[in-house]
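Engineer: My structure is below; once you've seen it, I'll send some questions.
The values are calculated or read from the model by the stated rules, or taken from the named source; none is laboratory data. The structure displayed is predicted, hence computed values, not measured ones. Cβ placement follows ideal geometry from the backbone for every residue including glycine, while neighbour counts extend to all protein chains displayed. Please note that ligands, DNA and RNA were not included when accessible areas were found on the heavy atoms of the full protein model with its side chains. Shrake-Rupley method; radii C 1.70, N 1.55, O 1.52, S 1.80 Å.
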Amino acid sequence: MEAINEVHVSEPGLVVVDVAAADDETAFAFHTALAARWATTSVERTTRDPGQPGVRLRCYLDLRQPINASGQAPTSH
């Protein structure tokens, strides 16, 4: 995986999540669970490291933006 860019963790609440899973289905299921709770980047594919078991996935999430029951970040009034 690429190095973590400073901008991705430049403020409290910003998180880089590296996932190692047995297969694509498991990695994407975990990402879906994260995305149901917090604002996350989308992911389209996993990567495989030669000679290593399983797959890897990286996403970025913002703990400052919880998602409400409708699947949207709450709006401030």
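Engineer: Which of the residues belonging to the range 55-65 are in contact with a Phe, Trp or Tyr (Cβ under 8 Å, 6 or more places away or on another chain) and either open to solvent by 60 Å² or more (accessible area, probe 1.4 Å) or more than 19 Å from residue 11 (Cβ to Cβ) (or both)?
Structural biologist: 57, 63, 65
Engineer: Now a separate question. Using beta carbons and a limit of 6 Å, which pairs, at least six apart or on different chains, have the first residue in the range 18-37 and within 22 Å of residue 4 (Cα to Cα) and the second one in a helix (DSSP H, G or I)?
Structural biologist: Within 6 Å, the pairs are 19/27; 19/30; 21/27.
Engineer: Right, another one. Of the numbered conditions (1) open to solvent by 80 Å² or more (accessible area, probe 1.4 Å); (2) aliphatic (A, V, I, L, M); (3) assigned to a strand (DSSP E or B), residue 4 satisfies every one except a single condition; which is it?
Structural biologist: (3)
Engineer: Just give me the residues in the range 20-54 being assigned to a loop (DSSP other than H, G, I, E, B), open to solvent by 70 Å² or more (accessible area, probe 1.4 Å) and polar (S, T, N, Q), in sequence order.
Structural biologist: Passing the criteria: 42, 52.
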